[in-house]
Amino acid sequence: MYDPMHNSNERTVRTSATQEAATYTEVESYISLKDLLHIFWRRLWIVILITFVVVGSAVGASLGQKPVYEASTKLLLGQTSQDEPQVNLMGSVEGLQQLTHTVATAVDSRPVAEEVIQRHGLQMNSQHLLDNLTVQQIEDTQFLLLSYRDTDPERAQEIIDGISDASTQRISEANATRNDITITVWEYAAIPTSPISPNPIRNGLLALGLGLMLGMGLAFLLEYLDDRWRSPEEVERVSGVPTFGVIPEFEVPKKRRRKVRRALEDV
């Protein structure tokens, strides 16, 4: 038998359930700044622990590495003047860049590296030497800056000075262009006194930022996976209905728990 009131009540219940579900979804997706601060404070131990582990690992790894020293020398590029008219490469920006690139390529080459290894009796191959060599132009000048990195400061100075001498000699003898290029060692390297790496302070600061991000990310992830309700306000926010009462948490004394247990056993 058809009961219109029954169907009407069923539609009303379904509509209310749908509205409550929509309200639940809307309220659940809303997180205020206060809630974020509560989450951060509640999971603060996780953030501190992750940050401590990351910073400790970075600083420990830095202190365990061998220090690396860098020695540098400067080369001055030039061009000899001749009586016959010719194009002066030093007279334009393009010419200076072309000349600098040519000399830098010659310095950072295998023949120069092999000559330095042979002169100083180094126990390394040419590729290893070139991997630790840096050649760059000092901006808007005719100087080339040569730098070499090594775990031994005296060896770093010896190698970079050897590279300067070998490259100037080979380039002067080659005269690769019509215009005679001159290259002079303007400043020899000094023995470096402090390493350029590792840098425990810099690595520690970088690890501090990374640890804070990882810690906060893990804290919010655990909070997202935790579906417990911790306060009446959170229950109201999630459920969308007001809270009329709260049952406080209390602890039953041991004697009373024994009496209750015996009474239940007797039943």
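Residues that are touching a Phe, Trp or Tyr at 6+ places or on another chain (Cβ under 7 Å) and modelled with pLDDT under 75 number at least 2 in none of the helices (runs of 4 or more DSSP H) confined to the stretch 80-191. Annotation: of all residues in the stretch 61-79 being at pLDDT below 90 and buried (at least 17 other Cβ atoms within 10 Å of the Cβ), the one that is nearest to P195 (Cα to Cα) is S62. Listed conditions (1) surrounded by 15 or more Cβ atoms within 10 Å (Cβ to Cβ); (2) free of Cβ contacts under 8 Å to residues at least 24 places away in the same chain; (3) over 23 Å from A104 (Cα atoms); (4) of a type outside the set (S, T, N, Q) are all met by P153, apart from (2). In summary, L225 fulfils each of the numbered conditions (1) farther than 30 Å from L63 by Cβ; (2) at pLDDT 90 or above with the single exception of condition (2).
I need the full set of residues from the stretch 209-219 which are surrounded by fewer than 16 Cβ atoms within 10 Å (Cβ to Cβ) and in contact (Cβ under 8 Å) with a residue 40 or more places away in the chain, in order please.
Listed by number, the residues that qualify are L210, L218.
For the stretch 10-60, a tally of residues being of a type in the set (A, V, I, L, M), at pLDDT 50 or above and surrounded by 11 or more Cβ atoms within 10 Å (Cβ to Cβ) returns 14.
The values are calculated or read from the model by the stated rules, or taken from the named source; none is laboratory data. Everything numeric in this text was worked out from a predicted model, so none of it was measured. Using ideal geometry, Cβ is built from the backbone for each residue, glycine included, and neighbour counts are taken over all protein chains shown.
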